[in-house]
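The values are calculated or read from the model by the stated rules, or taken from the named source; none is laboratory data. Quantities reported herein were computed from a predicted structural model and do not represent experimental measurements. Cβ sites come from the backbone with ideal geometry, for glycine too, and all protein chains shown count toward neighbours.
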Amino acid sequence: MAIEGFDYKEFAANMTEQAKQLVPQDLTPENQEYIVNTLSNFTLLAGEALYNDESLKLTAEQAVFITQVIAEWSYHKSIDLIRSGLQKMYWDSIMQKIAFTIFEVAKQAIIREIPQDQLLPAIEHHVQKVYNKCIDDLQSRGMISEKIKENAESQSNIDAMARQAAEEAAKAKENTYTEADEKRKEIQKKREEARKKRREEKEAEQAGGGYISKKQMKLMSLAMILRILSPEKVKMLLDKLDVEDVKQIIGYMDIVNLESVVDSDILMESLRELRAILPVKRKVTQENIMGDLLRLYKTNPRETVEKTIKNERPLVKRFIAQAYDGEYSGLPIKVAGIVAQHVEDSI
């Protein structure tokens with residue numbers, strides 16, 4: 001059942017109209033259009049994904065909250081990218097990573113019933129982490145200069161808007177504070193405290209205290225993935241790894257809140273690597289069957305293959321013999337696929 005009362009299309013349209021009114025006027029029309037389109041696309045995609053995911057059991061209010069957070073950060077970070085000095089070719093990939101991160105962090109936080117005053121600083125932390133990592137990766141690969149990297153990482157439209165709002169409030173009301181002003185002041189204070197904590201944690205990591213290495217994080221990611229795979233696939237993957245790594249992975253699999261520790265980027269990297277290891281189901285075609293058999297023949301003596309099928313029916317033996325010469329005997333595709341798999345498994 002879809003989320004009752006949550007019209008994600010209408011909500012995305014409303015957020016898009018607001019963005020059109022708020023885009024900085026000092027930017028070119030092309031860049032203003034990029035901000036609006038980026039916000040509109042990610043808001044619509046996020047809303048649709050939440051609306052169709054019945055397993056989450058979200059309320060309309062929760063779905064609106066997650067979608068709005070994605071819309072707001074899409075707006076702010078697209079402005080940061082425009083002002084960063086980065087070439088436009090890099091913008092979309094960075095924005096996609098940011099939107100995905102917000103979506104996953106916010107979704108998990110809602111499921112765990114984390115209060116919004118704790119969730120918003122956490123989202124900001126992850127957004128800045130992903131944004132800076134993307135910039136650092138570009139610089140380390142020689143795609144951008146150190147100067148552009150520093151300029152990009154110094155951008156923060158959300159802070160600029162907060163300062164502007166504070167200055168306007170100060171001019172309008174001088175030293176008179178309303179309840180709303182106090183609330184903004186409290187939020188800003190929490191953000192500053194969160195940033196201070198992140199700086200301290202980074203310094204501690206650099207000093208070697210409590211630091212989780214990339215390899216440890218990688219093994220944690222694998223442990224998290226293996227917990228949802230079948231025992232056969234788990235065994236197959238563990239057999240390919242170093243014994244010491246396997247011991248650590250097995251230990252990590254017992255950690256209850258492992259997902260709260262694992263870095264999302266490293267998790268995605270691990271998933272990509274596993275796709276290269278896990279067998280991929282292909283469509284059974286004549287070309288695929290012949291290709292598999294010819295590869296098998298190149299690595300195994302013909303006598304070995306013939307010994308494997310010595311008790312098979314003449315039709316099967318003829319099929320294997322003709323395959324050696326690159327000919328397909330006319331055996332039904334499904335039967336040929338079974339025969340080829342049997343030969344491969346038996347050798």
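Structural remarks
- Within the option set 27, 22, 44, 39, being closer than 28 Å to residue 87 by Cα, touching a Ser or Thr at 6+ places or on another chain (Cβ under 6 Å) and of a type in the set (A, V, I, L, M, F, W, C) holds for one residue only, 39.
- Of the helices (runs of 4 or more DSSP H) lying entirely inside the stretch 270-347, those carrying at least 3 residues that are of a type outside the set (Lys, Arg), in contact with a Gly (Cβ under 8 Å, 6 or more places away or on another chain) and at pLDDT 75 or above are 286-299.
- One residue from 17, 4, 48 being on the phi < 0 side of the Ramachandran plot, part of a helix (DSSP H, G or I) and exposed (fewer than 14 other Cβ atoms within 10 Å of the Cβ): 17
- Answer from 74, 40 - the residue that is part of a helix (DSSP H, G or I), of a type in the set (Gly, Ala, Ser) and within 18 Å of the chain's Cα centre (by Cα): 74
- Inter-residue pairs, beta-carbon under 8 Å, first free of Cβ contacts under 8 Å to residues at least 24 places away in the same chain and in the stretch 117-143, second small (Gly, Ala, Ser) and loosely packed, with under 15 Cβ neighbours inside 10 Å, 6+ apart: 139/145
- Residue match in the stretch 70-78 (condition: closer than 26 Å to residue 135 by Cβ and basic (Lys, Arg)): yes
- Residue under evaluation residue 86, criteria (1) surrounded by 22 or more Cβ atoms within 10 Å (Cβ to Cβ); (2) part of a loop (DSSP other than H, G, I, E, B); (3) more than 23 Å from the chain's Cα centre (by Cα), criterion not met: (3)
- Set 167, 153: member being surrounded by fewer than 17 Cβ atoms within 10 Å (Cβ to Cβ) and closer than 23 Å to residue 101 by Cα: 153
- Matching entry among 107, 129, 77, 133 (being touching a helix residue (DSSP H, G or I) at 6+ places or on another chain (Cβ under 9 Å), charged (D, E, K, R), at negative phi and modelled with pLDDT under 90): 107
- Some residue of the stretch 24-34 being at pLDDT 90 or above, surrounded by 22 or more Cβ atoms within 10 Å (Cβ to Cβ) and under 15 Å from residue 157 (Cβ atoms): no
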